[in-house]
Amino acid sequence: MKEKDLIDLGFQKEYGDTKWYYYTYDLADGLSLITNASDELLNNEWYAEVFESEKIRFVDRKEIEEFINIVKKNSNE
């Protein structure tokens, strides 16, 4: 996934310091997505994981977009 995909999906840029950054997306109360840091990129590719869980990782824009839409559709917020 490219950085532009994250921006287009509505991820927010967060700065770790002046040398690196990452993106987050708050889906619902207690459920967020977080990306790898800019200084950890391999082949300029980004991925997003469910915050505090490395077991669910999205590398494909279409799949993460579907996940976001499903959570939004079924959220009580």
In degrees between 0 and 90, to the nearest 10, how far off the longest principal axis of the chain does helix 61-73 point, with axes built from Cα atoms?
40
Cβ-based charge dipole, the range 3-73, positive-most Cα from Ser53, Ile34, Leu6
Leu6
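Return the calculated 222 nm mean residue ellipticity for the chain, to the nearest 500 deg cm²/dmol, obtained by summing -39500 (n - 2.57) across DSSP H runs with n ≥ 4 and dividing by the residue count.
-7500 deg cm²/dmol
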At q = 0.11 Å⁻¹, the log10 of I(q)/I(0) for the range 3-73 from a Debye sum over equal Cα scatterers comes to -0.24
Taking 25 Å as R0, compute the FRET efficiency from the Cβ-Cβ separation of Lys62 and Lys13 and round it to 0.05.
0.70
Determine which lysines satisfy two conditions relative to Lys72: a Cα distance under 22 Å, and not lying fewer than 8 residues away in the same chain.
Lys4, Lys13, Lys55, Lys62
When the dipole is taken about the Cα centre of the chain, and only Lys, Arg (+1) and Asp, Glu (-1) are charged at their Cβ, what size is it in debye, to the nearest 20?
200
If I stretch the segment between Asn74 and Lys2 completely, what's the gain in nm (0.36 nm per residue apart, minus their alpha carbon distance), one decimal?
23.2 nm
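Read the figures in this text as sums done on the coordinates, not as results from a lab. Here the structure is a predicted model, which means the values were calculated and not measured. Don't worry about glycine lacking a Cβ; one is built from the backbone with ideal geometry, like all the others, and counts go over all protein chains shown.
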